[in-house]
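Read through the structure below, which is laid out as structure tokens, and then see the notes.
The values are calculated or read from the model by the stated rules, or taken from the named source; none is laboratory data. This structure is a prediction, so every number in the text was calculated from the model and none was measured. When we count neighbours, we look across all protein chains shown, and the Cβ atoms used for this are built from the backbone with ideal geometry, even at glycine.
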Amino acid sequence: MNTPELPFSPASERNKGPILEALKRVLPRQGAVLEIGSGTGQHVVHFGACLPFLVWQPSDRTENLPGLRLRIQQEGSANILPPIALDVLTAWPERDFAAIYSANTAHIMSWKAVCVMFWGVARQLLHSGVFCLYGPFNENGAFTAASNAAFHEQLRSENLEMGLRDIAELEKLAASQQLRLAKRFSLPANNQLLVFDFAPEGKTSAWLRETAHENRD
């Protein structure tokens, strides 16, 4: 039997700390968190150990699960559930979540998949919850750094359906699913954490409004 190698991402190792500090300011104090596209598992094992009051549900496409399972087996804490297969274009888990988190996925998905991801998030997320989306994004149709422009061109050379997404377009997409961009964090290496919450009446959740006020930049 072949044993999968433990996957490792230098970028995930570098950014897990800054992302965690931002997540601490917006995640709820209890409940289950779905991670879409857990990849190497470096984020979820770090977050799970540092936020033990939350239950973490890692997920990824089927072909990425062996390495993800191995990392969780070796480094995961008791509050991390076994990873599940999740392709946003197909079946979603049959449960609700207090929060949903995804890192570096929107720019490697097709725009159709990004749209379906927001659709799924709106149906799996409790109305008091938040959706945290991390990655490099464009603003007002422009790249925020030369490195992001180069990265976008690299992605497009590999697949024309991939590429950096514009925050304004994501806001429109979120609004179509009764979500709104309630908070954003600028993080190292020209990345951002975008925090969406439910706003069926154009209002943010009470918990997030209070948190944003207490931690106003």
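Specify the residue that is farthest from ASN104 (Cα to Cα); the eligible residues are those in region 163-182 that are of a type outside the set (A, V, I, L, M) and in contact with a Lys or Arg (Cβ under 8 Å, 6 or more places away or on another chain).
Among those residues, the one meeting the criterion is GLU171.
Which number in (1) in contact with a strand residue (DSSP E or B) (Cβ under 9 Å, 6 or more places away or on another chain); (2) more than 27 Å from GLU161 (Cβ to Cβ) marks the one condition that ALA78 misses?
All conditions pass for ALA78, except number (1).
With respect to LEU179, is the statement that it is in contact with a strand residue (DSSP E or B) (Cβ under 8 Å, 6 or more places away or on another chain), in contact (Cβ under 8 Å) with a residue 24 or more places away in the chain and under 23 Å from GLY39 (Cβ atoms) true?
In short, no.
Is one or more of the residues making up region 189-207 closer than 27 Å to GLU13 by Cα, at pLDDT below 95 and surrounded by fewer than 13 Cβ atoms within 10 Å (Cβ to Cβ)?
yes
Which condition number in (1) in contact (Cβ under 8 Å) with a residue 12 or more places away in the chain; (2) of a type outside the set (Val, Ile, Thr); (3) not in a helix (DSSP H, G or I) is the one that CYS115 fails?
The single condition CYS115 does not satisfy is (3).
Considering ALA150, ALA122, ALA146, which residue is at pLDDT 95 or above and closer than 28 Å to ARG29 by Cα?
Going through ALA150, ALA122, ALA146 in turn, the sole match is ALA122.
Which residue pairs have Cβ atoms under 6 Å apart, sit 6 or more places apart or on different chains, and have a first residue in region 98-111 that is touching a residue at least 60 places away in the same chain (Cβ under 8 Å) and a second that is of a type in the set (Ser, Thr, Tyr)?
ALA103/TYR134
Return the total of residues in region 168-188 being in contact with a Phe, Trp or Tyr (Cβ under 9 Å, 6 or more places away or on another chain), of a type in the set (A, V, I, L, M, F, W, C) and surrounded by fewer than 16 Cβ atoms within 10 Å (Cβ to Cβ).
0
Is it the case, given these coordinates, that ASN138 is surrounded by 18 or more Cβ atoms within 10 Å (Cβ to Cβ) and over 14 Å from the mean Cα position of the chain (by Cα)?
Spelling it out, ASN138 is indeed surrounded by 18 or more Cβ atoms within 10 Å (Cβ to Cβ) and over 14 Å from the mean Cα position of the chain (by Cα).
VAL121 - would you say it is of a type in the set (Val, Ile, Thr), crowded, with 22+ Cβ neighbours inside 10 Å and in a loop (DSSP other than H, G, I, E, B)?
So VAL121 does not fit the description; no.
Name every residue in region 49-68 that is of a type in the set (Asp, Glu) and part of a helix (DSSP H, G or I), in order of residue number.
Answer for region 49-68, where residues must be of a type in the set (Asp, Glu) and part of a helix (DSSP H, G or I): just GLU63.
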